[in-house]
Amino acid sequence: MKWTKEQQERFEKFILGDDMDFYEEYTIHLTDEEQEKFFEENPEFMSVYPISRDMIYLLRDPMYRGLMRKIQKYETGVE
């Protein structure tokens, strides 16, 4: 199967990207109920970020997501 460069890049981002990238690409557009179900079915999702499951609505705020990324970079030293 031949993939275009764009398809390869999207696949690599999907596989190698972090949970925040996945959230922004796929999960943010779900309804609140769908997000709750997704988080319940995937308990390890976003576990590296300091957010409790009852506060996931905060993830809709781009400033909050930016802060979470900065905290994660600071704590892990990974950019």
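How high is the FRET efficiency between residue 6 and residue 53 when r is their beta carbon distance and R₀ equals 30 Å, given to the nearest 0.05? Each step should come with its number before you reach the end.
On the way: r = 34 Å, r/R0 = 1.14.
With R0 = 30 Å, the Cβ-Cβ based efficiency is 0.30.
What is segment 3-79's relative contact order, in percent, from Cα pairs under 8 angstrom and six or more apart in sequence?
On the way: 21 pairs, mean separation 19.6, N = 77.
Relative contact order here is 25 percent.
Treat every Asp and Glu Cβ in the chain as -1 and every Lys and Arg Cβ as +1, leave all other atoms uncharged, and give the resulting dipole magnitude about the Cα centre to the nearest 20 debye. Write down the numbers at each step before the final one.
On the way: 11 positive and 19 negative charges, 78 e Å.
Here the size comes out at about 380 debye.
The long axis of helix 32-41 is offset from the longest Cα principal axis of the chain by roughly 80 degrees. For the chain, the alpha carbon positions stretch 43, 33, 21 Å along the principal axes, listed from largest to smallest. Surface exposure of the chain, expressed per residue as accessible area with a 1.4 Å probe, stands at 80 Å². Here each label is just a point 7 Å from Cα along the line to Cβ, and for residue 67 and residue 41 those points are 3.0 nm apart. The long axis of helix 62-76 is offset from the longest Cα principal axis of the chain by roughly 80 degrees.
Using DSSP to call loops (not H, G, I, E or B), can you name the trypsin sites (Lys or Arg not before Pro) in segment 1-36 whose Cβ has at most 15 other Cβ atoms within 10 angstrom?
Numbers: sites: 2, 5, 10, 13; in loops: 2.
Answer by residue number: 2.
Bridgeable lysines around residue 70 (alpha carbons under 25 Å apart, same-chain partners fewer than 8 residues away excluded): 13.
Is it possible to state the helix-based mean residue ellipticity at 222 nm for the chain, with each DSSP H run of 4+ residues giving -39500 (n - 2.57), the sum divided by total residues, to the nearest 500 deg cm²/dmol? What is it? Please report the intermediate quantities before stating the final value.
On the way: 4 runs with 41 residues, N = 79.
So the helix-based figure for the chain works out to -15500 deg cm²/dmol.
The values are calculated or read from the model by the stated rules, or taken from the named source; none is laboratory data. Keep in mind that this is a model prediction, so the values were computed, not measured. Because the Cβ atoms are built from the backbone with ideal geometry, glycine has one as well, and the counts that use them run over all protein chains shown. Keep in mind that these areas ignore ligands, DNA and RNA; they rest on the heavy atoms of the full protein, side chains included. Shrake-Rupley method; radii C 1.70, N 1.55, O 1.52, S 1.80 Å.
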